[in-house]
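The structure appears below as structure tokens.
The values are calculated or read from the model by the stated rules, or taken from the named source; none is laboratory data. None of these values were measured; they are calculated from a predicted model. Virtual Cβ from ideal backbone geometry, glycine too; neighbours counted across all protein chains shown. What goes into the accessible areas is simple: the full protein's heavy atoms, side chains included, and nothing from ligands, DNA or RNA. Shrake-Rupley method; radii C 1.70, N 1.55, O 1.52, S 1.80 Å.
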Amino acid sequence: MRGLQRLGEYLWEFFVVTAIAAVSAVTVLPFFPVTVGLADYFGKDFETRAFKDIFSAIAKNAKIIAAYTLFQLVAIIFPALNVFFFNTHPEASNAIVLGISYAVLAIGCLFAITAPTVIANMNVTFFQLLKNCLILFSGGWANGILAAICVAGVAALVIFYPYAVVLTLYALPLTVTKLMRENFLRLKAKALGTSVYELKQREKRDDYLDEYGKIKRNPQNGRNGEDDNEEKQN
């Protein structure tokens, strides 16, 4: 019976997250804020996260998210439109323009992979965000490359099988967040002189049960905790 209840909880989460991601993708502008909210949401354990975490993270980081969204609109939307829809430049300069478009698009995708985790876990300015995104990606090259492959795979899926992308709206942010959070914990553990295992155990020890028997996260365990204050100095 417990197994059926957990399956229902997973299915409900799948449908709600997919709906939120789909609406944000269709309306374009909210898409990047929602990726930050999902990074915060999926960064928590299944037992402790709630859908309101998505919107709380967006509200708490509204200023840096606005700058990040503007950056991504320039780095991803415009080059993508240039490559796939507006490729009508004179042939003499076409290769150069396309090359620049692909390069900018690759940069935008790199920050799309890393920025949500940085914003969800650190209090940074825009230029600190750019720096820490590069540090986060290199914090575990295997995870970074695997996350990039996942994003590239979904991009290919959008081109050849656009309707199938609906199935990735839950899996992609979940996978990328898990990979980037692992990198984040590695860097944090290194800065604090401890291990990733100890950091994860500390988070679990800080969880507690509320009056309804639900596991809750200690408000000091996360971006406002002492450990994160040390991380913000990077």
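Couple of notes before you dig in:
- Accessible area, probe 1.4 Å, largest first, for residues 18, 175: 175, 18
- Computed over protein heavy atoms with a 1.4 Å probe, the carbon and sulfur contribution to the accessible area of region 1-112 reaches 76%.
- Debye, to nearest 20: dipole size of region 24-85, +1 on Lys, Arg Cβ, -1 on Asp, Glu Cβ: 160 debye
- When you filter the chymotrypsin sites (Phe, Trp or Tyr not before Pro) in region 1-73 for DSSP loop state and at most 13 other Cβ atoms inside 10 Å of their Cβ, you are left with 46.
- Over 18 Å between alpha carbons, listed pairs 44/204; 60/190; 60/131; 44/188: 60/190; 60/131
- Counting only protein heavy atoms and a probe of 1.4 Å, the accessible surface of region 126-201 is 73% carbon and sulfur.
- Region 1-72, accessible area per residue, ligands and nucleic acids excluded (1.4 Å, Å²): 53 Å²
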